[in-house]
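The values are calculated or read from the model by the stated rules, or taken from the named source; none is laboratory data. Given the structure is predicted, the values throughout are model-derived calculations rather than measurements. Every residue, glycine among them, receives a Cβ derived from its backbone with ideal geometry; neighbour counts consider all protein chains shown.
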Amino acid sequence: MGLKEKLSEDLKQAMKAKEETKVRTIRLLIAAIRNFEVEKMGQATDEEILQVMAKEVKKRLESIELYKQAKRDDLAVEEESELKIIKSYMPEQMSEEQIRDLAKKIIQQYNLSSPRDIGTAMKFIMPQVKGKADGKTVNRIVQELLGG
C-alpha cells in the first residue's frame with residue numbers, strides 16, 4: 001500500500017473515530033500532495049510524497065517557533081500535535097550522532113579537509129540521508145567537521 005492509499009485509509013478511520021486534529025492534518029497533507037501533483041501534471045511517487053511531507057514538517061516547526069515567540073502556546077500546542085501526526089508517516093529520522101558518523105566517513109573517503117570542500121561533502125551526504133535528516137542539521141555538522 002502506497003502512502004497516498006495509507007493516508008486515505010487513515011482519514012476514513014480518523015473520521016469514524018472523530019479525531020478532529022488527525023482528520024484536519026491528513027486533509028492538509030492530501031491537499032498538499034494534490035497541489036504537487038497538479039504542478040507536476042502527474043501522479044506523485046512515495047518519494048515525492050515524503051518530500052511534500054518534509055516541507056509540511058518544516059512549516060510546522062517554523063510556526064511553532066513563531067507562536068512560542070508570540071506567547072501563543074495554545075497555537076503552538078496545536079501545531080505540535082499536527083507535527084506528530086505528519087512525522088508518523090515519515091521514515092525514522094537519523095540522530096545527530098548517526099549524521100556525524102556518516103559525514104566523517106564521507107569526509108575521510110573523499111579526502112576532504114577544508115571549508116572549501118563543504119559543498120562537495122554535502123553533495124555526497126544528502127542523497128544518503130534524503131527524507132531521514134534535515135539539510136540544515138547536516139550542513140551544520142559538515143561545517144563543524146570541516147572547520148567552516
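Points worth noting:
- Test: residue in the stretch 29-47 that is part of a helix (DSSP H, G or I), small (Gly, Ala, Ser) and modelled with pLDDT under 90: no
- So Ile86, is it within 18 Å of the chain's Cα centre (by Cα), closer than 30 Å to Ser8 by Cα and hydrophobic (A, V, I, L, M, F, W, C): yes
- Against the test of being of a type outside the set (Lys, Arg), touching a Lys or Arg at 6+ places or on another chain (Cβ under 7 Å), under 29 Å from Leu7 (Cα atoms) and surrounded by 13 or more Cβ atoms within 10 Å (Cβ to Cβ), the options Met90, Met94 yield a single qualifying residue, Met94.
- Enumeration of residues in the stretch 61-87 that are within 20 Å of Arg140 (Cβ to Cβ) and either of a type in the set (A, V, I, L, M, F, W, C) or crowded, with 17+ Cβ neighbours inside 10 Å (or both): Leu61, Ile64
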